[in-house]
Amino acid sequence: MKRFFITAIATALAATAQAGTINLDMRADYSGVTYNDEVATPSYSKFYLKTGRLDFQTKVVEDLSMRVRWAFNKSTTQLNTDSTQRSLEYAYLSHKMNDMFTLSAGKFNTEFGGFEGATSGADLYLTSEFYTRTGPAGALAGQNLGTTNLLYMTGVKGTFSFADQTQTLHILATNETNQEATTPLSQNTSMVGAIWKGAFMDKALMFNLSYHMMNASVTDDKHSFIAVGAMWNSQPVSVTVDYLMTERNSDAGDTKDALNSIVAKIGYSGWEQWVPRIELTSSEEKLEIAGTQTNKFMGMGLVLEYKPYTDTNFRYHVAANQVTLQPETGDDIIKQEVLVGARLMADFLK
C-alpha cells in the first residue's frame, strides 16, 4: 500500500512537471561523536540522512504560485494546531498583488534566526545553541525556544519589496508553537514578527534584522526573539555574522530565562572545486525562572566541500566540530564530531 501511495504521488507530480519543478534535496552523512567524559556520555557513530525532502514549486497563474515541501526524514506526527505533519515544511500559496506586495498563506518559512536560520539545513554543520536548543549535555535547561521550534509555521505573511527589489519587509502572524502538544488547545493569540532584509553595493553587503514575539503557555509569560545579521559576500571571500537572542519573561516573580548566541562564518570560494570554511559559535544561557544558573558554550568548526561538477548541485563534504559547555558548576563537557558525507539537489524528474 505504501509503495502504491508513493507511486501515485510521483505520477501526479509528473503530470504537472511541465508547469513547475520537483527538486530532490538529499544529504547523507557519517557522524562520529566523542565526549571528554565517556563514562557520563558515551561516544557513538552513525550513518544517517541529514536532509531528505521533495520540493514542488509551480505557478497557478502568472501572479499566483504555490509550494509544497515534504521532508521524508522527519516525523509524521500530526500537530494539533494546524493539522499538518512535522514532516511537512512548506504548503502555501503566494499572491503577488503588485510589484511591491505579495501575500502568502499556509505553512511557510518564518524568516526566523538571521542568516543562520536562512541557511538551508543541508548546508549546516556547526549550529548555535539558539538554533538547536541543545548542547554537549543534551537539551538546554531553560524554557526558551529557538530556530528549530519556529522556522516552519502556519499563518499569513505579507512581503513588501522596494528599492528595486533589494530590500524586503516581512510582516507575519502564525500559530504559537508551544501549544502543539496541548489537547484541547488553549491558544488564543499568534506569534507575530517583523523582518527586514537589505542588500547594498551590488548585493556584496547584506543585512538581516528581525523581531518575533509570542505568548508562552503560562498565562502572562512572554517569548521574544531578536536577530541581527550582516553578510559581506565579495568573491572569493564571504563573511557572515549573526547575533541571536531569545528571552522568556515570567510574569510571576519578574524573572526570565535568556539565551544569546553569536555565529560567525568565513568562507573562501577562489578555488575551482574546493570551498573551505571556518565556523565559530559562542552562546550564553542565563536562567532565573526555575533556579539561577549561567552556562557558556563555545563552538569551533572546519568545513571542506568538494564539488566535482560545475553545472550540478552535488558535493562531497568533510567537517570537524568541537563544542565546549562551561557550566556554572562542575567540569567542562566537550563534544567533538567528525562529519563525512554528500549532498545532491536536482530536479526529481530530469
- Task: For the chain, give the percent of accessible area contributed by carbon and sulfur heavy atoms, probe 1.4 Å, rounded to a whole number.
- Result: 59
- Note on the structure: In deg cm²/dmol, rounded to the nearest 500, the helical mean residue ellipticity at 222 nm of the chain, built from -39500 (n - 2.57) for every DSSP H run of length 4 or more, is -2000 deg cm²/dmol
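Quick one, can you get me the convex hull of the C-alpha atoms of segment 41-155 expressed as volume per residue in Å³? Don't skip to the answer; put the middle values down first.
Working: hull volume 16.7 nm³, N = 115.
It comes to 146 Å³ per residue, whole-number rounded.
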- Pairs of lysines in segment 55-209 (C-alpha under 20 Å apart; 8 or more residues apart or interchain): 9
- Message: Using all alpha carbons of segment 160-284, what is the percent of pairwise distances in each 10 Å bin, ordered from the shortest bin to the longest?
- Response: 11, 29, 30, 20, 9, 1
- Relative to the compact globular guide of 2.2 N^0.38 Å, what is the alpha carbon radius of gyration of segment 206-246, as a ratio? 1.68
- Query: Placing +1 at every Lys and Arg Cβ and -1 at every Asp and Glu Cβ, with all other atoms neutral, what dipole size does the chain have around its Cα centre, in debye to the nearest 20?
  - Reply: 1220
- Message: Among 120, 171, 36, which residue has its Cα furthest toward the positive end of the charge dipole of the chain, with +1 on Lys/Arg Cβ and -1 on Asp/Glu Cβ?
- Response: 120
- From Cα coordinates alone, what are the radius of gyration and Dmax values for the chain in angstrom? 21.0, 61
- Message: In the chain, if the dipole is taken from +1 on Lys/Arg beta carbons and -1 on Asp/Glu beta carbons about the Cα centre, which of 142, 20, 110 is farthest to the positive end?
- Response: 20
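Tell me, in nm to one decimal, what length is gained between residue 194 and residue 300 on full extension, where the rule is 0.36 nm per residue of separation less the Cα-Cα distance? Write down the numbers at each step before the final one.
On the way: separation 106, 0.36 × 106 = 38.16 nm, distance 3.09 nm.
That pair, residue 194 and residue 300, stretches by 35.1 nm at full extension.
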- Message: Under the 0.36 nm per residue contour assumption, what length would be gained going from the current alpha-carbon distance of residue 84 and residue 120 to full extension?
- Response: 10.8 nm
- At 7 Å along the Cα-to-beta-carbon direction for both residue 328 and residue 45, put a label point, then send me their distance in nm to one decimal. 3.9
- Furthest towards positive pole of dipole, 295, 349, 207, structure part the chain, Cβ charges: 349
- Using a Cα distance threshold of under 30 Å, what count of lysine pairs results for segment 216-350 when pairs must be 8 or more residues apart or interchain? 16
- Solvent exposure of the chain as accessible area per residue, Å², 1.4 Å probe: 52
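The values are calculated or read from the model by the stated rules, or taken from the named source; none is laboratory data. Predicted model only: the values in this text are computed from it and were never measured. Quick reminder, even Gly has a Cβ in these numbers, built from the backbone with ideal geometry, and neighbours come from all protein chains shown. Surface accessibility is based on the protein's heavy atoms, side chains included, excluding ligands, DNA and RNA. Shrake-Rupley method; radii C 1.70, N 1.55, O 1.52, S 1.80 Å.
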